[in-house]
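One structure is given here, and the rest of the page talks about it.
The values are calculated or read from the model by the stated rules, or taken from the named source; none is laboratory data. What you see is a predicted model, and the numbers here were worked out from it, not measured in a lab. No Cβ is skipped: glycine too gets one built from the backbone with ideal geometry, and neighbour counts run over all protein chains shown. SASA here: full protein model, heavy atoms, side chains in, ligands and nucleic acids out. Shrake-Rupley method; radii C 1.70, N 1.55, O 1.52, S 1.80 Å.
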Amino acid sequence: AGNAAMVGGESPVNGEGGDAMKPISPEHMFDQIVQAAGMRIPLASDQCLPIPKSRPFESSIRILDMIPCQETHKIGVIYVGHGQANKETEILGNTEGSPRYQAFLQGLGSLISLSDCSSGRIFLGGLSEKDGDGECAYVWLDDAMQVVYHTATLMPNRDTDPQFNKKKRHIGNDYVAIVYNDSGEAYQMGTVRASLSMRQLLLNLWTLNLIGSVCWPSRSSTNFSLISRRARLYLT
């Protein structure tokens with residue numbers, strides 16, 4: 001899967017080009033929110049209103065600190081290899097895919113190391129190396145949004161889990177899943193059972209079908225990653 005780009009150390013990695021981003025300025029974000037809401041930007045001469053010190057207010061502040069400052073999403077990714085169409089355990093048991101699939105994953109975002117990543121700064125959607133979810137994950141982020149991909153091929157297989165329940169614990173609880181169908185056969189939706197009623201992007205080698213919303217024709221998979229990220233706007 002290649003070397004992981006460290007995101008948890010200094011600054012996040014931009015999923016588009018892999019360039020380091022500067023830390024987000026709270027003042028800049030506040031100005032953007034105020035202007036978007038059509039509110040007047042406070043002047044230096046404006047008088048601040050004192051907030052009464054109370055237990056409910058302090059509790060609200062603690063909860064506020066736990067809320068991510070960016071919009072967050074988690075998306076499942078599964079690979080369907082040759083002869084695996086409609087075989088759930090074989091699909092979830094994949095730990096690698098074709099070169100085109102690997103290129104597709106690299107287009108989704110940046111590969112990060114879970115052990116070196118702070119969950120307080122990067123949204124991981126419940127992934128943890130200590131919990132046996134693998135060593136790496138793909139994420140995409142900018143100033144306003146973070147997306148983590150629960151990629152089945154990056155999660156380890158265990159002899160004590162023949163049904164791959166640990167993988168389904170994440171992928172089966174995602175509202176959106178990407179199915180990369182490299183089997184050459186028709187894939188039946190719902191083959192990988194989910195706890196939630198998730199929508200799925202079905203990617204074939206010659207077409208891209210967005211189930212239940214829109215369909216884009218495509219002659220190659222080189223633009224699948226970009227289209228998949230844009231499709232999130234329709235699916236969520």
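For q values of 0.11, 0.14, 0.18, 0.23 Å⁻¹, compute log₁₀ I(q)/I(0) with the Debye formula on a Cα-only model of the range 27-133, without solvent. For the range 27-133, the Cα-only Debye profile gives -0.67, -0.87, -1.14, -1.39. Residues Lys167, Lys74, ordered by accessible area of protein heavy atoms at a 1.4 angstrom probe radius and largest first, appear as Lys74, Lys167.
Among Asp133, Asp31, the order of accessible area from largest down is Asp31, Asp133, computed with a 1.4 Å probe on protein heavy atoms.
Other residues within the sphere of radius under 12 Å centred on the Cβ of Ala85, judged by their own Cβ, net out at -3 (K and R +1, D and E -1). Heavy-atom accessible surface of Tyr101, to the nearest 10 Å², is about 0 Å², with a 1.4 Å probe and all protein chains retained.
Note on exposure: Phe104, Phe123, Phe30, Phe164 ranked by accessible area (1.4 Å probe, complete protein assembly) read Phe30, Phe123, Phe164, Phe104, with the most exposed listed first. Under a no-solvent Debye model with one identical scatterer per Cα of the range 99-155, what's log10 I(q)/I(0) at q = 0.19, 0.21, 0.23 Å⁻¹? Calculated log10 I(q)/I(0) at the listed q: -0.64, -0.77, -0.91.
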